[in-house]
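The values are calculated or read from the model by the stated rules, or taken from the named source; none is laboratory data. These numbers were taken from a predicted model, which means no experiment stands behind them. Please note: Cβ atoms are built from the backbone with ideal geometry, for glycine as well, and neighbour counts cover all protein chains shown. Protein only, heavy atoms only, side chains kept; ligands, DNA and RNA dropped before computing areas. Shrake-Rupley method; radii C 1.70, N 1.55, O 1.52, S 1.80 Å.
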Amino acid sequence: MTAAGKHQASRPVGRRLRRAGIRDVAAAAGVSITTVSDALNGKGRLPDTTRRHVREVADRLGYRPSAAARTLRTGRSGLIGLTVTTYGEEPFTFTEFAYFAEMARAATSAALARGYALVILPASSRHDVWSNVALDGTVVIDPSDHDPVVTELVRQGIPVVSDGRPAGSLPVRAWVDNDHEAAVLGILEHLAEAGARRIGLLTGTSTDTYTRLSTAAYLDWCERIGQEPVVEAYPAHDPCAGAVAADRLLARPDRPDAVYGLFDPGGTDLLAAARRYGLRVPDDLLLVCCSESMVYATTEPPITTLSLKPGRIGTAVVQLLVDAIEGVDPGRPVRQVMPTELIVRTSSQRRSPRTTVSPPRGPAGG
């Protein structure tokens with residue numbers, strides 16, 4: 001028999017190596033079980049050196065807290081939800097959009113770092129469906145006005161944190177959002193400085209704060225400078241409707257010479273509509289859209305985009321939600337405003353500013 005064979009024969013058949021427990025970590029680190037628990041869960045008043053030491057020992061021993069034991073000890077499942085309720089029962093696979101995908105990735109990492117798992121719930125889920133999943137808390141992205149799902153979750157004692165400033169008295173524990181008014185104002189000023197004389201808006205029909213505040217900021221700006229608003233709205237969860245609205249906007253008698261689109265894939269829809277009407281971007285039409293997708297860096301021409309920094313928001317909302325779950329009381333409602341970034345590309349940089357807008361014509365070849 002070979003040495004390898006002897007080694008294999010000496011192994012106990014059908015037995016698994018015992019996994020290190022919290023007592024093993026405490027003994028190896030020379031501390032109490034309570035200290036190990038506090039160090040790994042971020043609780044207690046321990047010196048940073050002690051926390052690092054305990055975590056290093058736990059990593060070396062391969063210790064992982066038992067989810068079942070935690071549930072028995074704390075009454076928590078270790079699961080937090082993430083969903084979009086804005087569009088109610090309308091079909092909307094939100095993770096297919098760059099903003100939501102990046103936000104979900106960051107939220108997943110932040111949840112795991114705090115010892116929780118993220119459950120992504122379909123946009124059309126109702127609270128009676130969610131009752132099948134034992135959630136410790138839920139992140140809701142862009143809740144609509146008087147959102148019934150949020151209200152019901154809170155009634156059941158489930159803490160809710162929103163990605164998006166809630167309207168009215170929606171009972172969320174905390175929210176994280178961007179300054180949408182300032183972002184829209186910055187875009188409008190950028191387009192005006194590039195020579196735009198009539199700026200249009202491609203917006204949505206929903207009542208979430210992102211849509212409402214962005215649209216209101218545009219309308220306020222139009223009133224202040226004396227421009228008649230040029231607005232087309234459509235259900236943002238319907239990508240086909242977006243393409244129709246983009247075409248409708250550029251077919252108007254008061255066609256704009258610059259457009260800001262609030263939703264994906266508004267940028268590519270507007271670019272396609274411009275080509276149908278024989279409009280050159282940026283010479284005849286300036287374009288900006290709000291998106292996290294890198295596809296806009298490779299379009300012809302590349303399209304200027306507004307980034308809402310969803311990765312930062314995803315991390316922040318999970319941190320706030322876990323704090324709420326674990327009883328961290330800040331003493332007041334928590335509101336965090338994240339910065340935005342305008343990534344300027346060719347589509348919004350006119351080479352020679354125009355002072356007039358040519359009348360609309362039919363689609364090329366029509």
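Structural remarks
- Near Leu118, once Lys and Arg are set to +1 and Asp and Glu to -1 for all other residues with Cβ below 12 Å from its Cβ, the sum equals +1.
- Euclidean distance of C-alpha centroids, segment 275-321 and segment 244-258, integer Å: 19
- Solvent exposure ordering (accessible area, 1.4 Å, most first) of Ser37, Ser214: Ser37, Ser214
- Computed from label points 7 Å out along Cα-Cβ, the spacing between Ala272 and Val328 is 4.5 nm.
- Radius 12 Å from Cβ of Thr268, net charge of other residues (Lys, Arg +1; Asp, Glu -1): -2
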